[in-house]
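Here's the structure we're looking at; comments come further down.
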Amino acid sequence: MTGGVDAGDELTACEGEREPDPSDSLRTWGAVTQALREHAGYSRTEFADLVRFSKHTVESVELGRRMPDESFVARADELLGNTGALRKSARYVTRGRGDVGLAAWFREWARLERMAVSLCTYECRLVPGLLQSEAYARALFENRIPLLTDEQLEAQVAARLERQKMLYERPHVPFSFIVEEHVFRRPFGDVEQMRDMYDRVLTLSAPRNVTLQIVPPDAGLHACMDGPIQILETPEGRRLAYAEGQENGRLISDPKEVSLLHQRYDTLRSQALNPKDSRALLERLRGEL
């Protein structure tokens, strides 16, 4: 198994393993940005408005929990002296191990995701992480038991949003999502947050390499009733699967088991709404708010 994980292994972790420290370069770049902001006399809220990012994002960047986006770097540099120092130093910022904010049992799968040549996801519990809005992800983590610290929460939100970049940074990789309709009907937050969730899903599923299909309630019982599943193909042509439960994840490499799961996924694909009708349903749900 790639990365040293055998078929069927359960990757469980203690609390202390879940939140690896941010890389030194992330922390350093964030601390310099914070110092320049404070020297310029901007509060975090004022600065967030000027760079057109949320206050939570600015905080995460300054504390080294989140990689700065290119647009964030450019706007911050312009506001804080326009010396080019932030732009040039940002080239050397790394995430370290690349798994800041990821649960221990998910890190191996996240590593494989970044190299996959295709990814299929079936979800019946919540909006898939790769399609979540920031407010939706934040609400999920705020409801975790045991409660996360503010630092842990911000790290997990940042990691989730960072993973989403795959959808548009890898335009030649097909991403397929099949999601139960009731997932999108479950309310959270206020009306604006619900609208933002629908808008985010519609935006992230718009590229030609991303396919979203919704399973309506009248589809009845189907082949994937055993639970959510993810399946990817490696550059070497191997198929691997991942199944997640309460506080654990299972990485599956046995060819027969993966083949069975892929057959189930393909069967459900034929029962779900087509991509056009799925988008129309989301737009209708948004309009009903």
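Read-outs throughout are calculated quantities, based only on the coordinates presented, and are distinct from any laboratory measurement. The structure presented is a predicted model; accordingly, all values stated were derived computationally and were not measured. Here Cβ is always computed from backbone atoms with ideal geometry, including for glycine, and neighbour counts include all displayed protein chains.
Taking 7 Å steps out from each Cα toward its Cβ at E247 and N209 produces label points 3.8 nm apart. Across the chain, Cα-Cα pairs more than 33 Å apart make up 26 percent of the total. Taking region 184-289, how much of its Cα-Cα pair set, in percent, is spaced more than 18 angstrom apart? Looking at region 184-289, the distances longer than 18 Å represent 61 percent of pairs. So which trypsin sites (Lys or Arg not before Pro) in region 180-289 pass both tests, a DSSP loop state and at most 11 other Cβ atoms within 10 Å of the Cβ? Answer by residue number: R208.
Here the 3J(HN,Hα) profile of region 122-128, calculated from phi with Karplus coefficients 6.51, -1.76 and 1.60 at θ = phi - 60°, is 10, 9, 10, 10, 8, 4, x Hz, Gly and Pro shown as x.
Taking 0.36 nm per residue of sequence separation and removing the Cα-Cα distance, the D218/A31 pair yields an extension gain of 62.0 nm. Exposed loop sites here are GluC sites (Glu not before Pro) assigned a DSSP state other than H, G, I, E or B and surrounded by at most 12 other beta carbons within 10 Å; excluding them, the longest clear run of the chain is 1-235. From helices alone, the chain scores -13500 deg cm²/dmol at 222 nm; the rule is -39500 (n - 2.57) for each run of n ≥ 4 DSSP H residues, then divide by the residue total. Length gained on full extension, A280 to M166: 38.6 nm, using 0.36 nm per residue less the C-alpha separation.
Once the chain from R238 to Y92 is taken as fully extended at 0.36 nm per residue, the excess over their C-alpha distance is 49.2 nm.
For the chain, the number of Lys pairs separated by eight or more positions or lying on different chains, with C-alpha atoms closer than 27 Å, is 4. Averaging over all projection directions, the Cα-based convex hull of region 105-193 occupies 6.7 nm² in the image plane. Taken over region 69-221, the alpha-carbon convex hull comes to 159 cubic angstrom per residue. Note on D254 and N143: their simple-model spin labels are 3.3 nm apart, each label 7 Å out from Cα toward Cβ.
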